[in-house]
Amino acid sequence: MVRKTLEKLGIPIRAIARRYAGIAVLAVFSFLGFMVIITGPSAEPLARSERSWPVSVTTANPATLAPVLLAFGKVESRQQANLKTTISAPVSEVFMHEGA
């Protein structure tokens, strides 16, 4: 009915359809997208509880402390001295103590 009326008025329907087809498709899909957004479900954010860990607390008191290190060991020289004499005789006294 609309087509016959437009043809009687001399308006070419095919030219109008080609010219505005893209706009019509865009309008239809925009309307459908808008309807999907409006009628879609609304998701409520989940309430998450915070994690907690038990801790022990003490009061810090200022004090002057020095580090203490107990160590045991043996110190040895890298060099070793071998003393020899041309005379053979018994040793009567040693003036150095071992380890001194």
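The values are calculated or read from the model by the stated rules, or taken from the named source; none is laboratory data. Note that the coordinates shown come from a computational prediction; the quantities given were computed from them, not determined experimentally. Ideal geometry is used to build each Cβ from the backbone, glycine not excepted, and the neighbour counts take in all protein chains shown.
A few points about this structure:
- Within the set 100, 71, the sole residue that is assigned to a loop (DSSP other than H, G, I, E, B), at pLDDT below 85 and either among the small types (Gly, Ala, Ser) or at positive phi (or both) turns out to be 100.
Conditions (1) surrounded by 10 or more Cβ atoms within 10 Å (Cβ to Cβ); (2) within 34 Å of the chain's Cα centre (by Cα), marked per residue:
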position: 27; (1), (2): yes, no
position: 42; (1), (2): no, yes
position: 49; (1), (2): no, yes
position: 55; (1), (2): no, yes
position: 58; (1), (2): no, yes
position: 67; (1), (2): no, no
position: 75; (1), (2): no, no
position: 86; (1), (2): no, no
position: 90; (1), (2): no, no
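- Per-region count, region 1-18, residues among the charged types (D, E, K, R) and surrounded by 10 or more Cβ atoms within 10 Å (Cβ to Cβ): 2
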